[in-house]
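The values are calculated or read from the model by the stated rules, or taken from the named source; none is laboratory data. Remember, it's a predicted structure, so these values are computed and weren't measured experimentally. FYI the Cβ positions are ideal-geometry reconstructions off the backbone, even for glycines, and counts take in every protein chain you see. With ligands, DNA and RNA removed, areas are computed over all heavy atoms of the protein, side chains included. Shrake-Rupley method; radii C 1.70, N 1.55, O 1.52, S 1.80 Å.
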Amino acid sequence: MLAALAGAHARGRRLVSICTGAFALAAAGVLDGRKATTHWKYAHELAARHPRVSVDPRVLYVDEGQVLTSAGVAAGIDLCLHLVRRDLGARTANQVARSLVSAPHRDGGQAQYIERPLAPEAPGVTLASTRAWALARLHEPLTVPQLAAHAHLAPRTFARRFVTETGTTPLRWLLTARLDRARELLESTELAVDHIADRCGLGSPSNLRLHFRRALGTTPTAYRAAFAPTARPDFDRAHAPATAAGPSAT
């Protein structure tokens with residue numbers, strides 16, 4: 001198996017690991033000299049076994065171009081959505097995320113799950129329906145009390161359970177979803193930036209530009225010029241890998 005992985009890497013194939021799958025890539029020498037991650041519980045062991053690998057136990061996933069690694073299983077979903085976005089654009093990634101009732105995008109640099117997450121107070125009950133409800137109303141000024149009311153929970157209980165289920169706060173999740181909706185509209189429509197800001201719930205063009213630059217390091221106009229289909233007929237080949245480095249969640 002290790003020879004097959006090393007051979008695939010030598011042929012330029014893309015290799016992706018989820019959770020402790022990073023140990024196989026490291027043993028095959030694929031991660032030598034690269035940054036990588038795995039589940040926080042096993043990150044120290046990965047670093048000890050393979051000192052030539054720069055292991056980051058804090059992040060959800062690491063994109064090194066043709067070699068990508070993720071933390072636990074939930075982070076593997078984030079990494080797979082990242083790959084769909086890289087290859088097929090934000091619109092397709094959002095469609096897949098909606099079918100999973102998942103956040104459209106979490107940056108690879110976002111922090112992994114806290115070590116001792118609080119268990120949901122009602123086993124088997126999740127906030128998936130509330131997240132789906134919110135995704136259908138991104139154009140509205142949603143607040144945590146509104147989301148909590150939909151879930152029939154007190155705001156503090158809701159916020160605590162939301163972090164437990166998603167690894168991020170409700171407001172950060174909403175901002176990420178709104179930015180991804182903006183990316184989708186920039187890629188697939190000719191709507192003006194002010195209309196896009198309104199449709200994704202960011203209010204004003206200046207607010208959209210502010211958050212867009214903070215999250216993606218570019219402007220909405222530059223993003224559209226680079227990634228709208230009319231501007232990139234060879235999207236699959238020309239789209240450079242997105243970096244997974246970024247600020248950790250607080």
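If you take the residues of segment 31-58 that are small (G, A, S) and not in a loop (DSSP other than H, G, I, E, B), which of them is nearest to the chain's Cα centre (by Cα)?
Applying the first criterion (small (G, A, S)) to segment 31-58 yields 33, 36, 43, 47-48, 54.
Next cut, not in a loop (DSSP other than H, G, I, E, B) only: 36, 43, 47-48, 54.
Details: A36: 16, A43: 20, A47: 24, A48: 28, S54: 21 Å.
Per the stated criteria, the residue is A36.
Only one of R178, R161 is at pLDDT 90 or above, assigned to a helix (DSSP H, G or I) and within 15 Å of R98 (Cα to Cα). Can you tell me which?
R178
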Q.
Given the options L127, L83, name the one that is in contact with a strand residue (DSSP E or B) (Cβ under 9 Å, 6 or more places away or on another chain) and either under 21 Å from A182 (Cα atoms) or modelled with pLDDT of 60 or more (or both).
A. L83
Q. Which pairs have Cβ atoms under 8 Å, sit 6 or more apart or on different chains, and link a residue in segment 34-60 that is among the acidic types (D, E) to one that is open to solvent by 80 Å² or more (accessible area, probe 1.4 Å)?
A. D56/K35
Q) Just one of the numbered conditions (1) surrounded by fewer than 20 Cβ atoms within 10 Å (Cβ to Cβ); (2) more than 22 Å from G167 (Cα to Cα) is not true of V16; which one? A) (2)
**Q.** Any pair with Cβ under 6 angstrom, 6 or more apart, that starts in segment 20-33 at a residue that is more than 11 Å from T69 (Cα to Cα) and ends at one that is loosely packed, with under 15 Cβ neighbours inside 10 Å
**A.** A27/L2; A28/L2; D32/R52
Q) Of the numbered conditions (1) modelled with pLDDT under 90; (2) open to solvent by 40 Å² or more (accessible area, probe 1.4 Å); (3) polar (S, T, N, Q); (4) farther than 20 Å from A90 by Cβ, S206 satisfies every one except a single condition; which is it? A) (1)
